[in-house]
Each structure stands twice: as C-alpha cells, then as structure tokens.
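Everything on this sheet refers to the single structure shown next.
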Amino acid sequence: MSERCVVVGAGGISNAWFPPLRQEQVEVCAVVDLRPEAAAAQIAKYQLQAAPRTDLAATLAEFCPDFVVDLTVPAAHREVTCTALRAGCHVVGEKPLADSLPAAREMIRASEESGKLYMVSQSRRWNERHQQVRETLAGGPLGELTTICCDFYMGCHFGGFRDGMDSPLILDMAIHHFDLLRFMTGLDAVAVYAREYNPRGSWYRGDVAAMCLFELSNGAFFSYRGCWAAEGCHTSWNGDWRFTGEHGTLLYDHDQEPHGEVVAGGEGFNRPLAAVEVAPSVTGRPGGMHGALSEMLHFLRTGAVPQTECHDNLKSLAMVECVIESSRSGARVLVPSC
C-alpha cells in the first residue's frame, strides 16, 4: 500500500516535487493552494488523481493523509506546518524551517506535542558531491579545520516574493550554504558578525548581499560572502568552497570533484605538497528534493529519524537569524545552541 500525501503550494517549486512523488508511487490526494486554478493546473500537468483545494484544515480532515508536503513561501510555513501537525500528519517542508526563530520554536513545539515528525528539505544535503566532501573531511587528511570560506555570486531575476523580501539572500538562499557547512564539517556556529547590504544596480527591494564571519564550535572561522544581484562570473548554486586545516587545503567549486593538497614533509619556504586522497563518489542515491522525500518515506516505513528533523535544522536557521540580527545591530551576536 502506497503512502498518501497532501501537497500545499502549487508554485514553481512544486515542479521539483511532483516527479519524485510520482516515481515513488506516493498517492497525492489533494493539492492545496490559495489559487485553485494553480492547483488544478499542476494536477493536470502531472496527471494526478488529486483534488484541487483551498482550505488546508478541511482537506486534511477529508483525506487523512500520511504526510503533508509544504511548498509555501517562508512566511506561511508556521501556519501550514502547525495545522498539519495538529491534524495528525507528518510534514516535510521546503526550507527555511520558518521565517523567524520564534515561529520555528512554535512549530517544533507542535511537533513535540502531536508526536508527529517535521523535517525540512535541505535539498543540497543529498548531492553526491557534498557527501564526498563530508566523507573526505571526516577522514582527517587536513587535520583540525581552521578556516572555511564560501563564496556565492549570482545575478538572479526571479520576480515574485523574493524581490520584496527584507533579506532575500540570507533567508531564502544562504540557509542552504549554512546548512551545508554544518553537514560537510560537522561543526556548529557559536557567534557571528555580519553586514547585509543592497548593492548599486540591484533589482531587489531588500538587502540581497552579505558578508559574514562566523566563529565555529572547534574554534575555526567560517567566512561567507554572497550576492543575488551579481551579474557575470557566477559561482555554483552550491557555492565555491575552501576548507583549510592544520596540514592542508581542500577545494570544492563549480560542482566539480573536490581536490586539495596536504603537506608531504620536507623543508623549504613552501613545504612539499601531495594531493589529498578524496573519498569516492557514491552514485545512485536520490538527490535534491527526491532525497528529502526518500528520507521521509524511509521514516514512515522504518521509524528512522531524518537528518534534517526540525530540532537539528533549527541550528541552521539560527545562523540565518543571527546574521540578520548582527547586520541590523552592528554587533557580534552569539548563536544559540538551540
């Protein structure tokens, strides 16, 4: 018997979810959207035996699905997720967990009180290259990490809700990079000093660029620079990364296989170097949103808790919140341990 779900949100991001839902043979009972014509259009496009609906609570009472897929804008995550959890449904939602830490904590309480799982789709965790970086660093060739850098520069003309957000880069995109830092290194942030700004020529209303310096749990530093209004010479969507440790450096950029160098002994102004032995790439696993869906289905079938369950993912959202707070206050901000 296949699992049953209700999808909330029929915007552009739903095009990344309906194909894996079909591939995994999940029964989509209904598509809920404030615009019934949008829900109907996606149902027709993907040939679903689903009902278009506008009222989430009534829809959940009608269909009693196993889980809900929340594809709404960040400001709607709290209402959608809490409604679904309190109706007895597990939830997998698009990042970020919420648009603020107070909203996130309310959602986590709803998960605890209902006994239902809430996980966040941090889709880049299921990228095979990121697994490769994680396993390479875990092998210890660099020694203790001391400095991590990530650059992200794109000229993105989305239109829609992002153009009007106060902090579009940090809240809607940098959450991916902050979560990847935690995933690839196993480190958490303890403090940050950051500045957001809106560069000349930007087509966004809010601050769409930022420079951040995080202090990490092992004493290392993480430098993050990004902009969504940078035309030309784009980085990867995943960012271009440098990991420096006691004995060498690993680079991961433009989505290519990671590579690096470590000290090989000897003397001289620059010590002799040898190539880092990079962990093999593991192929065949679902990536992106399909990876998140696979973890949700694995949970439903076995009870194994997904890696992006809400309590852990709160640590990634806290980095976002503290960047915004630091930028507005002009001060170094401690990142709560959550």
(request) State all residues of segment 285-306 that are within 17 Å of GLU112 (Cα to Cα) and not aliphatic (A, V, I, L, M); if no residue qualifies, say none. (result) PHE299, GLY303, PRO306
(message) I'm checking my understanding of the structure. Among residues of segment 96-116 that are out of contact with any Pro (no Cβ under 8 Å at 6 or more places or on another chain) and assigned to a loop (DSSP other than H, G, I, E, B), which one is modelled with the lowest pLDDT?
(response) SER100
(request) Scan (1) out of contact with any Leu (no Cβ under 7 Å at 6 or more places or on another chain); (2) more than 23 Å from LEU314 (Cα to Cα); (3) in a strand (DSSP E or B) for the single condition GLU196 breaks and write down its number. (result) (2)
(request) Name the residue, out of ARG182, ARG225, that is of a type in the set (Lys, Arg) and either outside any helix (DSSP H, G or I) or free of Cβ contacts under 8 Å to residues at least 60 places away in the same chain (or both). (result) ARG225
(request) Can you tell me which residue among LEU181, LEU171 is hydrophobic (A, V, I, L, M, F, W, C) and modelled with pLDDT under 95? (result) LEU171
(request) Confirm whether THR147 is outside any strand (DSSP E or B) and more than 14 Å from the chain's Cα centre (by Cα). (result) no
(message) Considering only segment 30-47, I want to know if a residue exists there that is without any contact (Cβ under 8 Å) to a residue 12 or more places away in the chain and either hydroxyl-bearing (Ser, Thr, Tyr) or not in a helix (DSSP H, G or I) (or both).
(response) yes
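Take the residues in segment 63-95 that are assigned to a loop (DSSP other than H, G, I, E, B) and touching a Ser or Thr at 6+ places or on another chain (Cβ under 8 Å), then tell me which one is surrounded by the fewest Cβ atoms within 10 Å (Cβ to Cβ).
GLY88
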(message) So GLU257 ticks every box in (1) of a type in the set (D, E, K, R); (2) touching a residue at least 60 places away in the same chain (Cβ under 8 Å); (3) assigned to a loop (DSSP other than H, G, I, E, B); (4) more than 19 Å from PRO141 (Cα to Cα) but one. Which box is left unticked?
(response) (4)
(request) Working only within segment 7-27, note down all residues that are more than 12 Å from GLY288 (Cβ to Cβ) and either assigned to a loop (DSSP other than H, G, I, E, B) or modelled with pLDDT under 95 (or both). (result) GLY9, ALA10, GLY11, GLY12, GLU24, GLN25, VAL26
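Here's the yes/no breakdown for (1) under 26 Å from ALA194 (Cβ atoms); (2) loosely packed, with under 13 Cβ neighbours inside 10 Å:
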site: CYS233; (1), (2): yes, yes
site: LEU250; (1), (2): yes, no
site: HIS259; (1), (2): no, no
site: GLY266; (1), (2): no, yes
site: ARG271; (1), (2): no, no
site: VAL278; (1), (2): no, no
(message) Looking at the structure I just gave you, is ALA110 aliphatic (A, V, I, L, M) and surrounded by fewer than 16 Cβ atoms within 10 Å (Cβ to Cβ)?
(response) no
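The values are calculated or read from the model by the stated rules, or taken from the named source; none is laboratory data. As the structure is a computational prediction, the values presented were derived from the model and not from experiment. Neighbour counts are summed over all protein chains in view; Cβ atoms, including those assigned to glycine, are modelled from backbone coordinates with ideal geometry.
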